[in-house]
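Just below is one structure, and these are the notes that go with it.
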Amino acid sequence: MKRIRFPFTVFIWITLLLSAGCGGDSDQDPTPNLPPVVNAGTDQRIYLPADTVELRGSGTDSDGSIKSYEWTKLSGPESYTIVSATAAATKVKNLVEGEYAFGLRVTDNSGLSDQDTVVVSVFATCPCAPNCDPIGDPCNPWDY
């Protein structure tokens, strides 16, 4: 009877080890971490003398939380000032004529990140002068 008991005990231990995750594909996480989703907002246009825009970005993370926001200038003229580069919404001042691209990078609590881009076009003259609305549609003063 001792010979029957030993193989049975080994079988029980192997079964317990395998069911505890000590074999097979246990190294794979069944729910992988997903990166956040970022939206830098809609492209904008302004007409001088207006030289400031408000960038309204957002970030969501379906399996965690947003850890940080970071605005950077990707391209465009040298003149610009990002007021709060680590906020979801910020103002950019001191813009001059030209086309700017600003990137918003959002990082989640697991270190994954995503980036989106918004384009800001700054024009020297308004096509509807002298009754020009410098923000949005230049010929429609009610577009706010």
TODO: Grab the strands (runs of 3 or more DSSP E) fully contained in region 26-137, keeping just those with 3 or more residues being modelled with pLDDT of 95 or more.
DONE: 37-39, 53-56, 58-60, 66-75, 89-93, 98-108, 113-123
- [ ] Take region 45-77 and flag every residue that is touching a residue at least 40 places away in the same chain (Cβ under 8 Å), under 10 Å from residue 102 (Cβ atoms) and either surrounded by 16 or more Cβ atoms within 10 Å (Cβ to Cβ) or of a type in the set (Asp, Glu) (or both).
- [x] 53, 55, 57, 76
Open item on the list: Checking residue 80 against (1) within 18 Å of residue 124 (Cα to Cα); (2) without any contact (Cβ under 8 Å) to a residue 12 or more places away in the chain: exactly one of these is not met. Which one?
Closed with: (2)
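The values are calculated or read from the model by the stated rules, or taken from the named source; none is laboratory data. Values in this document were obtained by computation on a predicted structure and should not be read as measured data. Because the Cβ atoms are built from the backbone with ideal geometry, glycine has one as well, and the counts that use them run over all protein chains shown.
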